[in-house]
1. Using only the alpha-carbon atoms, how far is helix 34-47 inclined from the longest principal axis of the chain? Give it as 0 to 90 degrees, nearest 10.
2. Loop-only GluC sites (Glu not before Pro) in the range 116-151, please: DSSP not H, G, I, E or B, and at most 14 other Cβ atoms within 10 Å.
3. Express in nm, to one decimal, how much length is gained between ALA135 and ARG232 on full extension, taking 0.36 nm for each residue of separation and deducting their alpha carbon distance.
4. Under the classification rounded if a/c is under 1.5, otherwise prolate if a/b is larger than b/c and oblate if not, where does the range 348-421 fall, given a ≥ b ≥ c as square roots of the Cα gyration tensor eigenvalues?
5. If you take the charge dipole of the chain about its Cα centre, with +1 on Lys and Arg Cβ and -1 on Asp and Glu Cβ, which of ALA47, THR27, LEU305 is farthest toward its positive end?
6. How would you order 200-212, 233-245 from highest to lowest mean count of nearby Cβ atoms within 10 Å?
7. Between SER187 and TYR293, what is the label-point separation in nm under the 7 Å Cα-to-beta-carbon projection?
8. Set the Förster radius R0 to 22 Å, insert the Cβ-Cβ distance between PHE408 and ASP15 as r into 1/(1 + (r/R0)^6), and round the FRET efficiency to 0.05.
Amino acid sequence: MDHFLYRDGALYAEDVPISEIAAAVGTPFYVYSTATLLRHFQLFDDALDGMDHLVCYAMKAASNQAILKTLAQAGAGMDVVSGGEYLRAKAAGVPGDKIVFSGVGKTADEIRAALTGGIRQFNVESEPEMEVINAIALELGVVAPITVRVNPDVDAKTHAKIATGKSENKFGIPIARASEVYAHAASLPGLEVIGIDVHIGSQLTELEPFELAYTKVAELTEKLRSEGHNIRRLDLGGGLGIPYTRANDAPPLPVEYGALIKKTLGHLGCEIEIEPGRLIAGNAGLMVSKVIYVKSGEGRDFLILDGAMNDLIRPAMYEAHHDIVAVQEPAPGVEQQPYDIVGPVCESGDTFAKERNMPPLAPGDLVAFRSAGAYGAVMSSEYNTRPLIPEVLVHGDQFAVIRERPSFDEIINRDTIPEWL
Ligand code: LLP
């Protein structure tokens, strides 16, 4: 459920008409709903009710500080994957002891910054990384709390580019080597081993892969405990999928996911962390764009928008489907027609949808891409010197620009010309 609904024939974000935001900030833009963000966070928090737990929002999904602050005020921790994300979370007021640091290639500078600024734990992905964290902790005179990310060799049954839990993927250490790696970690005085981490992929639409992975984690917990390790925290990653099409998508609900966690891991008495990104932000955001031209092609009509692949890259990169709706609600019974919906960038990959049935649209009409809140704005670029598009946050009947569209001067003046030119 989200808070982007039609009222009297017009699409609203909570109590604000989308057309009003478009008039104020221009198109294209991203808009997020505070109520939807909070609702999704709450679903996870409630799903783990009765267990000691922390929901650490995977901020890579949408990392604007206004979004982070909204979630942090509701009690969320953060999952970060770079020094930049760490600093951004801190800037949004998230305390270090609610920030977990994931990622397969943490640099020495990033590790130092997190150990200096405070960190809940590092999710360590390799033995060389473990050695570096140990050395920096000793140099700073602190002890670094860590989990080790294990790769359970489970098929997440999702798009190949976002599956991470098979042994051929670059993530974590093979679960079969866990005893050896944990013994190594325990021998390093700058580290305190507190738990196990696992993340098998993103946009999972079934519970079964989670069940396989979490069952392996439960077995591993008992094994490592019997080997003398005080395993007391389990970080279970993110990955629960969202419905991208209104019509027929019904991925498992957070409450069902929570019940699975209780069933597979509840008996261990561990503190549970989860790192959802997409389910919190995905359906809490739209990308709104304007029709520039309607062009009749050979056997098809193109809807040419002012938004493009640089603004929302998911269709080009993952063949992802996003529902696209007219901001002006089509009259009941109006005949739909198929359009290829494209942006102005000079490559055929700049196609959002093919033969998508839409009501008749004309230049100047607004359309909204649903489910664009996660991995939308954060993955955008200025390809073709197209400015990063603004982000807007709605709260009831209020809205605020939370990232401005840069001017062309700002973009152009970022380049510096060498002396010899
Ligand atoms: N934790 C870790 C260690 C992760 O690598 C990820 C996502 C998450 C949590 C959050 O997963 P989520 O709950 O959002 O599924 N750009 C792609 C998705 C990449 C996901 C990468 N890792 C897309 O647009 O589909």
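1. 30
2. Answer in residue order: no site qualifies.
3. Residue separation times 0.36 nm, minus the Cα-Cα distance, leaves 32.5 nm.
4. oblate
5. Value computed over the given set: ALA47.
6. 233-245, 200-212
7. 6.8
8. 0.05
The numbers here are math on the coordinates, done by the rules we state, and not lab data. All values reported here derive from a predicted model rather than from experimental measurement. Reconstructed Cβ throughout: ideal geometry from the backbone, glycine too, with neighbour counts over all protein chains shown.
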